[in-house]
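The values are calculated or read from the model by the stated rules, or taken from the named source; none is laboratory data. This one's a predicted model, so the numbers in the text were calculated from it and none came from an experiment. A quick note on method: Cβ atoms are made from the backbone with ideal geometry, for glycine too, and the neighbour counts reach across all protein chains shown. Keep in mind that these areas ignore ligands, DNA and RNA; they rest on the heavy atoms of the full protein, side chains included. Shrake-Rupley method; radii C 1.70, N 1.55, O 1.52, S 1.80 Å.
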Amino acid sequence: MRTIRRVSVMPRYRTNAAQFIALSIFLAEMSLFFHPAGFAGGPSDDQQYLDIALGWYAHGPQIGTSHWALRHPLILSITGMFHLFGPSIDSLLLVPRLFYALFVGVTVATVLRLAGTRAAVLWMVLVILSPVIHAMGTSCYPEMLELAFGATSIWAFLNARRSNGSAALAWSLLSGLMLSCAVQTRETAAFVLLFYGWAFLRDPAMPRRAYLLLGLGFVLPLLVDNAWLWAMTGDPLYRLHVDKHHVLIASDHMVGKTYSGSPFLNPDLASRWIPAGPTRLHWAINPLGDFLIDPAFGFVILGWALSALPFFRDPAIPRPRIPTLLLLLFAVASYVTVTWVFTLRPQPRYYLFVVAAATIGFALYLDAALAIPRLKRRVSILLGLVLLGGGITIAVAPDQGWQAKVIVPYMAAHPGQYSAEEHIVGRASYPLARLGMTGKLTAAEPAVGAYRLRLIDSAMLDGSEPFPRDPAYREVVYLERPTPLLLRLIRPHYRNPILVEQRLR
């Protein structure tokens, strides 16, 4: 009798999937070299993370006194980069790039397995040209770490559901650990627990002991972190007390600068935040309006909303293989947690989970529509609009570190004592310190013969506003702000330089 040999295609599938994921990560990382947001410094939050990590690098673990200092996964990651490559802005910016790669890798793996190659490719295109994702992948804030840890937790949870025995337990433990890291980076990631709780109650696909290990993995790092803070400070709720006081730190984005009440579930506090976008309707819905018109989202949210409208959605389009209702609930839960539960100032970078869910949902819609030949034109128009909006927004976005990039080389080539506005001094302080020029740029009034740096608005140069010239100073040179090519084509006479002046008397 002839023996039929069974050949498994699983190893080949896994090899092809691994190659596809690796290629996706490579392309995503290469995209970050196009107009990165960079290091802002000065009054921005990334300066806080730099200073705290420098303290850890020089003196070992430090007990933080601010909410910035208690984001230990971020601080440890930056400190690790400093130990590997030395303390520098470049080392600092490696952290968000690495976590961006992690986010892309696990999300592509998930979409590839659940929805197929075409959906994964479409998602990649959308996420690469999502301006707020691009900005967070090229600047040092906690949001990219929170998103990457959260996405890894969900990926591990899905793997636990389709595994058996010890493999399911191991994936569950990893899922809990990753979500714990996400929450320690920013507490808003805790909303993911709602979906794990729903799965525990409604979905019997995973054994109950696996959920127990997920919970253990989530709680254990929090207990270790809290025990260390308790031992060092004597306060068993030290993290909570510090986090509650973040509204006592003066902010230009809040009416009254500070707030003395609770930051949780507080409509009064929410009404005091100045919206990041142009929407000025009501504090509860301002972010929703900004989602639709703020170019930082690259119109991804708008595209997703349009694709869900009854008159736009063709009944012939098959249902996506990932439930879009679940993605919508995920996005809503994240939005509510940030805006109404933790009452944070609504700004694009706080809503990365919402954008991630929207890009997946939109990619699923495009993938399903492409299965119908007569809808390919509609898909092409939709995708073209999103890519145009996202691409233009990234292309004209300002370099956050441009002031330091023009000031530091000039001061290095022209030694002397310089003065500037406090926020400019803050942005250039660390790069100058790296060159051994600490104290060469201050916010004090310049002495006779010294120099000052003044930011000049384009309207002053074209005559739209009066130019405040000072007869006690001599104009030396204009340090031109690097302007993106696309912006130069749109506004050829736009200038926003820093004027170097020498005090004469």
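When 44, 139 are compared by accessible surface with a 1.4 Å probe, the order from highest to lowest is 44, 139.
Counting only protein heavy atoms and using a 1.4 Å probe, the accessible area of residue 59 comes to about 140 Å². At q = 0.14 Å⁻¹ the log10 of I(q)/I(0) for the stretch 129-213 amounts to -0.50, computed by Debye summation with a single uniform scatterer per C-alpha, solvent ignored. With 20 Å bins beginning at zero, the pair-distance distribution over Cα atoms of the chain amounts to 19, 52, 24, 4, 0, 0 %.
Only Lys, Arg, Asp and Glu carry charge here, each on its Cβ (+1 for the first two, -1 for the last two); on that basis the chain has a dipole of about 2120 debye about its Cα centre. The stretch between residue 198 and residue 475, if pulled fully straight at 0.36 nm per residue, gains 93.1 nm over its current Cα-Cα span. Candidate cross-link partners of residue 440 among the lysines, defined by an alpha-carbon separation under 24 Å and a same-chain spacing of 8 or more, comprise 405. The residue 413 and residue 326 beta-carbon pair, evaluated with R₀ = 35 Å, returns a calculated FRET efficiency of approximately 0.05.
Counting only lysines at least 8 places from residue 244 when in the same chain, those with an alpha carbon closer than 16 Å to its own are 257. The largest-to-smallest principal axis extents of the Cα set in the stretch 364-434 are 68, 20, 18 Å. Here the gap between residue 438 and residue 232, fully extended at 0.36 nm per residue and compared with their Cα-Cα distance, gives a gain of 70.9 nm.
Expressed as a whole percentage, what fraction of the accessible surface of the chain belongs to carbon and sulfur atoms when a 1.4 Å probe is rolled over the protein heavy atoms? Carbon and sulfur: 65 percent of the exposed surface of the chain. With point charges of +1 on the Cβ of Lys and Arg and -1 on the Cβ of Asp and Glu, referenced to the Cα centre of the chain, which listed residue (139, 172, 74) lies farthest in the positive direction of the dipole? So the residue we want is 172.
When the chain is described by a simple charge dipole with +1 on each Lys and Arg Cβ and -1 on each Asp and Glu Cβ, the residue from 241, 116, 273 located farthest towards its positive end is 116. Take the chain with all the other protein chains still there, run a 1.4 Å probe, and you get 48 Å² of accessible area per residue.
Highest mean packing first, where packing is the average number of other Cβ atoms within 10 Å per residue, the peptides 110-117, 460-467 line up as 110-117, 460-467.
Between residue 252 and residue 30, what length in nm is gained on full extension when 0.36 nm per residue of separation is reduced by their alpha carbon distance?
Between residue 252 and residue 30, full extension yields 76.4 nm more.
The label-point distance for residue 244 and residue 63, in a model that sets each label 7 Å from Cα toward Cβ, rounds to 1.9 nm. A Förster radius of 35 Å combined with the Cβ-Cβ distance from residue 493 to residue 265 puts the calculated FRET efficiency at roughly 0.10.
Surface calculation, 1.4 Å probe, protein heavy atoms: residue 442 sits at approximately 40 Å² accessible. As a calculated quantity, the FRET efficiency between residue 88 and residue 372 at R0 = 51 Å, using C-beta atoms, amounts to about 0.45. The heavy atoms of residue 244 present about 80 square angstrom of accessible area, all protein chains included, probe 1.4 Å.
Largest first, the extents of the alpha carbon coordinates of the stretch 174-224 on the three principal axes equal 30, 19, 14 Å. In a reduced charge model with +1 at each Lys and Arg Cβ and -1 at each Asp and Glu Cβ, the stretch 368-505 shows a dipole moment near 720 debye about its Cα centre. Take each peptide in 365-375, 342-352, 274-284, count the other Cβ atoms within 10 Å of every residue, and average; sorted highest first, the result is 342-352, 365-375, 274-284.
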